[in-house]
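In what follows, a structure is listed as structure tokens, so that the remarks can point back to it.
The values are calculated or read from the model by the stated rules, or taken from the named source; none is laboratory data. Quick caveat: nothing in here was measured; it's all calculated off a predicted structure. Note that we place each Cβ from the backbone using ideal geometry, even for glycine, and neighbour counts take in every protein chain shown.
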Amino acid sequence: MPVMSLSQLSRAISEITIQDLSAEQRLELKISVDALSKELETPWDTIKRIVWQEPSVKACIYTLIELKAFQKWVEVGDGVRNSEDLSALLACDRVLLNRLLRNLAANHLLVSHGTGRYAMTDFTRSLAQTNQIAAFNYSRHINSPMVEQLAPCLIEQNQNYSTTRSSSTAFSQALGTSDTLFDYISKHPEHEIEFAHCMRGVSESMKSWVDIYPTESLLVDNDDGLYDGVVVVDIGGSTGHDINAFQRKHRLKSGRLVLQDLEKVLEQAEVEPHITIMPHDFFRAQTVKARAFYLHSILHDWQDNEACDILRSIVPAMQKGESKILLHELVMYDQNTPIEAAWMDITMLAAFNSAERNLKECQDLVTKAGLRITGHFCSEGTAHSILELELA
């Protein structure tokens, strides 16, 4: 096969219609392009990108979100706008605003249409939405400070980091608190709201669990009859995005689906009809007997002892051979780890001194809780997995 010239390659790339690609194709292409981009960088290209370029982009976005720039731009029409008109719209100095917009355009987050004229991309258009705004506000107030504190925290802990309690973390040092992250945000409602919206956005951006796991199997009992009890309890299910996906797919009557979380979190829940909302602390004994207990990105927040306690709290409500626990987690690969799993693991380290687990670590954990893995369902091309557990 003849090798493409650079001009032919550039033309072929420019002719790709993103909308025609499946989610799997998009991911495959993104990984390849990202790897090529990194290969093309010199060491100093990489240094400049990490040290100066990427932080400057976040700073611009933080500022523009504070000005409600993206919301107001969308409200007046998201076509090409010049910086002078946007300056008047936002009550912001024109020269300063143009510098912020120019940096986003240079990073392909806006489209430049000549001097001082810009159009939105899908990304910047999305920054008018609540969940995306919350993600950047959460980053500014919580995530970025704690990640910046990770290096000095690890150096201080040295060999003891894996046994350090979850209330002595990069997060606690960065925010000057002895609270865990969850205790802290529960005392700061504005951050709790940011976190809830951020997690909802992350969940909605992923392949839904109902498209990974054969959820129809939960509707029948072991004798192939209709299961007539509670089908799913979504434990720590936040505002209801996952249990809503199940209800939209199966349309069950009242009493079959339960959303559990702390009472303050559930105040923000927006659920489909016939879903029961129930305050519950997942360290306390589960009181609802069900076909399946679903936990999405819960255990990665906790060190092994606490994670085991969470699982053990469910065991008394399970019926042997009938009930299942469905753990929706990132399961780490032994090699060629997907980038999302790698950075999430470091985020868990900074936030909780916890970790994403590989399959063996998951097996060891569930065995300790008196359970066994009976199924492993994967989202193609990612580390997102659903582990099906039953009583040992």
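Values as computed for the structure displayed
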| item | result |
| --- | --- |
| Listing of strands (runs of 3 or more DSSP E) fully contained in segment 224-338 that carry 2 or more residues being within 24 Å of Ala383 (Cα to Cα), in contact (Cβ under 8 Å) with a residue 24 or more places away in the chain and among the aromatic types (Phe, Trp, Tyr) | 290-296 |
| Odd one out for Asp45, checked against (1) closer than 18 Å to Tyr118 by Cα; (2) surrounded by 13 or more Cβ atoms within 10 Å (Cβ to Cβ); (3) over 25 Å from the mean Cα position of the chain (by Cα) | (1) |
| Flag for Arg165 being at pLDDT 95 or above, of a type in the set (D, E, K, R) and surrounded by fewer than 20 Cβ atoms within 10 Å (Cβ to Cβ) | no |
| Exclusive hit being among the acidic types (Asp, Glu), in contact with a helix residue (DSSP H, G or I) (Cβ under 6 Å, 6 or more places away or on another chain) and in a helix (DSSP H, G or I), set Glu84, Glu54, Glu39 | Glu84 |
| Selection count, segment 66-79, where residues are assigned to a helix (DSSP H, G or I) and surrounded by fewer than 19 Cβ atoms within 10 Å (Cβ to Cβ) | 5 |
| Whichever residue in segment 317-343 is closer than 26 Å to Leu150 by Cβ and over 16 Å from the mean Cα position of the chain (by Cα) and, among such residues, is surrounded by the fewest Cβ atoms within 10 Å (Cβ to Cβ) | Gln335 |
| Filter result for Leu86 (on the phi < 0 side of the Ramachandran plot, in contact with a strand residue (DSSP E or B) (Cβ under 9 Å, 6 or more places away or on another chain) and among the aliphatic types (A, V, I, L, M)) | yes |
| Within segment 247-272, tally of residues that are under 25 Å from Glu192 (Cα atoms) and out of contact with any Asp or Glu (no Cβ under 8 Å at 6 or more places or on another chain) | 8 |
| Per-region count, segment 366-385, residues hydrophobic (A, V, I, L, M, F, W, C) and buried (at least 20 other Cβ atoms within 10 Å of the Cβ) | 4 |
| Some residue of segment 102-121 being free of Cβ contacts under 8 Å to residues at least 60 places away in the same chain, within 27 Å of Phe282 (Cβ to Cβ), outside the structural domain of Ala269 (by TED's automatic domain parsing) and part of a helix (DSSP H, G or I) | no |
| Residue check for Leu96: among the aliphatic types (A, V, I, L, M) and either closer than 16 Å to Phe123 by Cβ or surrounded by 14 or more Cβ atoms within 10 Å (Cβ to Cβ) (or both) | no |
| Selected residue (criterion: surrounded by the fewest Cβ atoms within 10 Å (Cβ to Cβ)) from residues of segment 246-276 that are closer than 20 Å to Leu218 by Cβ and aliphatic (A, V, I, L, M) | Leu252 |
| Answer from Ile346, Ile314 - the residue that is buried (at least 19 other Cβ atoms within 10 Å of the Cβ) and modelled with pLDDT of 95 or more | Ile314 |
| Pick from segment 350-365, criterion of a type in the set (S, T, N, Q) and in contact (Cβ under 8 Å) with a residue 12 or more places away in the chain, ranking: surrounded by the most Cβ atoms within 10 Å (Cβ to Cβ) | Asn353 |
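Listed here are the residues, each with its yes/no results for (1) of a type in the set (Phe, Trp, Tyr); (2) surrounded by fewer than 17 Cβ atoms within 10 Å (Cβ to Cβ); (3) within 30 Å of Gln319 (Cα to Cα).
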residue	(1), (2), (3)
Thr169	no, no, no
Lys187	no, yes, no
Ile212	no, no, yes
Asn222	no, yes, yes
Gly225	no, yes, yes
